[in-house]
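Each value in this text was obtained by applying a stated rule to the coordinates, not by laboratory testing. Bear in mind the structure is a predicted one, so any value in this text is a computation, not a measurement. Cβ coordinates were reconstructed from backbone atoms using ideal geometry, including for glycine residues, and neighbour counts include every protein chain displayed.
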Amino acid sequence: MTAALKNDGTVGKALSVLDQIASYGRPVRFTELLGDSALPKATLYRFVQTLTNQGMLQYDPERQTYAPGLRLVRLAHAAWAQSSLAPVARPHIDALSAETGETVHLAQLDHAQVLYVDKRNARDPVEMFSQAGKVGPAYCTGVGKAMLAYLPEPELNAALAQQSWHRFTATTHVSPDSLRTELHDIHSDGLSFDREEHEAGIICVAVPILNAHQRPLGALSVTGTTRRTSLDALRALGPRLKQAAHAIATDAESWLFPQTNSAATPAQYISKGETPHVRSDA
């Protein structure tokens, strides 16, 4: 049973049902959902019906399946525009993609895991796990390690406790102890690498996107394959990646906390058709 089911009451349980349905990656029948759920049948059915009535789920009467609803799509677009780094980072990752010809990722931490918020494919695209909107492990990805390395110790301890430590390849870290040594090096150097730790043949260099207090807002990476590049070649891109990350952090600071000529109140923003603390052209 998840923490949401145990601690967050009705809302937590409803969100857990949404998470469960989304995790299948396809429409799912109620019987299958019930088989994987910790909730009693009547309780689960009540949540599914309420979520469907609210547009958070959609029901296909012919196939008798449930899938995430269009209301979630609207909310996802709003979250992408208002809460992720993607709108601010777009011109910078466009430029990196054009310069390197390799895959560029933008990611943020979401409950100790990596959430890919944007991606540019290489000129010669390669099939890989990462896609915008997808969640991946933090302990064995370049972007994940770049962000973990700059977490304060209590937050790092909590994040490491939430990792699965599954061995994906021969080079995957399988314990916090082995990873901590590398995180120390990343913090010193500012560069993180994926040495085929999540997927065989996939390597990357990554940097954290840090705010003025050196806390990670996200991470940026350039990813390639062992077939056409090397870790040394990717390392050479480090200074350019750091430059882009700094530019994104600077733009994000202005986007989240815009400077104004006067102490405008929320009512003044609303009268101008703007949202407080969010730049209107973002």
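Compute the relative contact order of the stretch 3-72 as a whole-number percentage, counting only Cα pairs closer than 8 Å that sit 6 or more residues apart in sequence. Before the final figure, lay out each step's value.
On the way: 70 pairs, mean separation 20.9, N = 70.
Relative contact order for the stretch 3-72 comes out at 30 percent.
Using a Förster distance of 51 Å, how high is the FRET efficiency between SER175 and ARG74, based on the Cβ-Cβ distance and rounded to 0.05? That gives a FRET efficiency of 0.75.
Only counting other Cβ atoms within 10 Å, I'd like ARG240, ARG167 sorted with the fewest neighbours first. Intermediate results must be reported in sequence, preceding the final value.
Numbers: ARG240 15, ARG167 12.
Listed from fewest to most nearby Cβ atoms, that is ARG167, ARG240.
Hey, with R₀ at 22 Å, roughly what FRET efficiency would SER188 and ALA212 work out to, going by the Cβ-Cβ distance, to 0.05?
Numbers: r = 20 Å, r/R0 = 0.91.
The calculated FRET efficiency here is 0.65.
Listing LEU156, LEU57 from fewest to most neighbouring C-beta atoms within 10 Å gives LEU156, LEU57. Taking Cβ atoms as reference points and 14 Å as the exclusive limit, the residues near THR141 contribute a net charge of -2, counting Lys and Arg as +1 and Asp and Glu as -1. Amide hydrogen proximity for GLN58: with H placed 1.01 Å from N in the peptide plane, the residues at 5 or more positions away or on another chain lying under 5 Å are ALA67, GLY69. If R0 is 25 Å, the Cβ-Cβ spacing of ARG26 and ASN121 corresponds to a FRET efficiency of close to 0.60.
Sorting GLU197, GLU32, GLU153 from the fewest to the most surrounding beta carbons within 10 angstrom yields GLU153, GLU32, GLU197.
Percent of alpha carbon pairs in the stretch 84-256 separated by more than 23 Å? Summing the P(r) tail past 23 Å for the stretch 84-256 gives 31 percent.
Modelled this way, with points 7 Å down the Cα-to-C-beta line, the labels at ALA158 and THR50 are 2.7 nm from one another.
Which net charge results when you count Lys and Arg as +1 and Asp and Glu as -1 among the other residues whose beta-carbon is under 15 Å from that of LEU57?
Every neighbour counted, the sum reads +4.
Report D for the stretch 3-72 in µm² per second (integer): Stokes-Einstein, Kirkwood Rh on Cα pairs, 20 °C, 1.002 mPa s.
Values: Rh = 12.0 Å.
Reported coefficient: 179 µm²/s.
Other residues with beta-carbon under 14 Å from the beta-carbon of LEU96 carry, at +1 per Lys or Arg and -1 per Asp or Glu, a net charge of +2.
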